[in-house]
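Here's the structure we're looking at; comments come further down.
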Amino acid sequence: MAKPAKVMLNVPAIKADFPILQRTIRDKRLVYLDSAATSQKPKQVIDATSDFYSRYNANVHRAIYELGEESTREYEGAREKIAAFIQAKSPTEIAFTKSTTESLNLVAYGYGLKGKIQKGDEIVGTVMEHHSNHVPWHFVKDHKGAVLKYVDVKDDGTLRMEQYDDLLTDRTKIVTVSLCSNVLGTINPVKEIAKRAHEVGAICVVDAAQAAPHMPIDVQDLDADFLAFSGHKMLGPTGIGVLYGKQELFEATEPLLGGGEMIREVHLGSAKWNDVPYKFEGGTPNIAGAIGLGVAVDYLTKIGMEAVRGHEMEITEYALEKLARLKGVQTYGPKDVKKRAGVVSFTIDGAHPHDIASILDVEGICVRSGHHCAQPLMERFNLPATARASFYIYNDMDDADALVAGIKKVQEVFA
Ligand SMILES: Cc1ncc(COP(=O)(O)O)c(C=O)c1O
């Protein structure tokens, strides 16, 4: 995506919607730079979940009384909003799960392990995936004898696309890739990746956990076959996730959970599944979570995802420039903000990332440290861990400045 004209959101007005951002940490202003792990929630989302419990709490799809009809209407309304948010053809292409992790496991199990994959079939991933887009495919390898192959990452944090072509064969059945890396911030060329996967008859599974909160997504334009994301990273509640799947692929996917509501009929010893997407939603779903996520989608849509992306590009560019001027500080991932999102992993000479995070915490600054559930990527870069700052709609240049000042303090401690 080209860099849009300079757009900065009205951060003070946005911040006013987030109760947690009014608090202090040890008398210091809270500088929350860990939205890649989980975002903060606006009062609109908090109120919507509390409103569900205080005014119309009832199970969905079962009750024929007014409360149940209201909760079902709101729950299904959330599905419609999410379908529109990612340009799905129909709400029936949206299944609620508990997270990206569950969504990816559902695909690996229901389409891979229980479905299409035979011994010797090949699954192509990338070295930069989050563990939740590695481990479910290990299951398919271990239980079905699938062969796993990986596209490597170049030193600049982008995928080695020329290698991708070599990895594709007529045995490739699944290509799975993150739209945006949670460590490098790299935005991967998923449209191109899906196109080439389709040319050899494979499907393309997209992990959009770090993309859906931060940029416009059009599943039809990407031609993604499955696409997964989590509510809690995009202003929504925890415990609610989304799996998008093309209708015909949803039909061809076995459910992960058996139980109430996912069936059409059950007899002793046999059962038939409900229509999609309900066959993937066995048991009582996270109703409040789905409704809260619908309101989070409203909130983001009102701002506009182009504007969200533009805002984050400005802060990321500013932060990268400032960090580049600090001796002894390395950042990872593409330097060009058109190719990356607002996730900035960094290391400081002589300081362990956990020490960096602890010292920043004293300053009221929240950053993540560790391997970020991406150990194969850490091994690729020969790093035990990094510190990671990530920006969202409620961050501004003052937050980037606070990060830089905090890093200088870390360097003083370790001088
Ligand atoms: C790229 C990516 N994929 C998947 C996940 C897993 O998300 P969740 O823990 O919400 O299932 C994360 C979480 O950080 C992520 O960053």
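The values are calculated or read from the model by the stated rules, or taken from the named source; none is laboratory data. Bear in mind the structure is a predicted one, so any value in this text is a computation, not a measurement. All Cβ positions, even for glycine, are placed from backbone atoms using ideal geometry, and neighbour counts span all protein chains on display.
Structure notes:
- Wholly enclosed strands (runs of 3 or more DSSP E) of the range 206-325 bearing at least 3 residues surrounded by 19 or more Cβ atoms within 10 Å (Cβ to Cβ) and more than 16 Å from the ligand (Cβ to nearest atom): none
- The range 242-260 residues that are in contact (Cβ under 8 Å) with a residue 24 or more places away in the chain, paired with ones that are surrounded by fewer than 15 Cβ atoms within 10 Å (Cβ to Cβ) (beta carbon under 6 Å, 6 or more apart): Gly259/Gly283; Gly260/Gly283
- Neighbours by Cβ (under 9 Å, 6+ apart or cross-chain): first from the range 175-200, among the aromatic types (Phe, Trp, Tyr); second more than 16 Å from the ligand (Cβ to nearest atom): none
- When the range 164-190 is filtered for residues that are in contact with a helix residue (DSSP H, G or I) (Cβ under 9 Å, 6 or more places away or on another chain) and either outside the structural domain of Val140 (by TED's automatic domain parsing) or of a type in the set (A, V, I, L, M) (or both), the ones remaining, listed by number, are Leu168, Ile174, Val175, Val177, Leu179, Val183, Leu184, Ile187, Val190.
Results for (1) in contact with a Cys (Cβ under 7 Å, 6 or more places away or on another chain); (2) of a type in the set (A, V, I, L, M, F, W, C); (3) farther than 18 Å from Lys173 by Cα, shown as yes or no for each residue.
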| position | (1), (2), (3) |
| --- | --- |
| Pro189 | no, no, yes |
| Lys195 | no, no, no |
| Glu199 | no, no, no |
| Ala209 | no, yes, yes |
| Leu227 | no, yes, no |
| Gly231 | no, no, yes |
| Met234 | no, yes, yes |
| Thr238 | no, no, yes |
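- Residue within the range 46-61 that is polar (S, T, N, Q) and in contact with a Phe, Trp or Tyr (Cβ under 8 Å, 6 or more places away or on another chain) present: no
- In the range 38-64, the residues that are surrounded by fewer than 16 Cβ atoms within 10 Å (Cβ to Cβ) and modelled with pLDDT under 95: Arg62, Ala63, Ile64
- When the range 15-26 is limited to residues that are touching a residue at least 24 places away in the same chain (Cβ under 8 Å) and in a loop (DSSP other than H, G, I, E, B), the one that is nearest to the chain's Cα centre (by Cα) turns out to be Phe18.
- Some residue of the range 376-395 being without any contact (Cβ under 8 Å) to a residue 60 or more places away in the chain, acidic (Asp, Glu) and in the same structural domain as Thr316 (by TED's automatic domain parsing): yes
- Within the range 103-130, the set of residues being of a type in the set (D, E, K, R) and under 13 Å from Val175 (Cα atoms) comprises Asp121, Glu122, Glu129.
- Odd one out for Asn182 among (1) closer than 26 Å to Thr316 by Cα; (2) within 16 Å of the ligand (Cβ to nearest atom); (3) out of contact with any His (no Cβ under 8 Å at 6 or more places or on another chain); (4) not in a strand (DSSP E or B): (3)
- One residue stands out in the range 371-389 among those that are in a strand (DSSP E or B) and within 16 Å of Gln210 (Cβ to Cβ): the one that is nearest to the ligand (Cβ to nearest atom), namely Arg388.
- Checking Lys335 against (1) outside any helix (DSSP H, G or I); (2) closer than 20 Å to Ser35 by Cβ, the condition it does not meet: (2)
- Flag for Arg368 being under 26 Å from Met234 (Cβ atoms) and either in contact (Cβ under 8 Å) with a residue 12 or more places away in the chain or surrounded by fewer than 21 Cβ atoms within 10 Å (Cβ to Cβ) (or both): yes
- From the list Gly260, Gly241, the lone residue that is of a type outside the set (Phe, Trp, Tyr) and at pLDDT 95 or above is Gly241.
- The listed residue being within 26 Å of Leu184 (Cα to Cα), outside the structural domain of Ser230 (by TED's automatic domain parsing) and free of Cβ contacts under 8 Å to residues at least 40 places away in the same chain, out of Lys322, Lys327: Lys327
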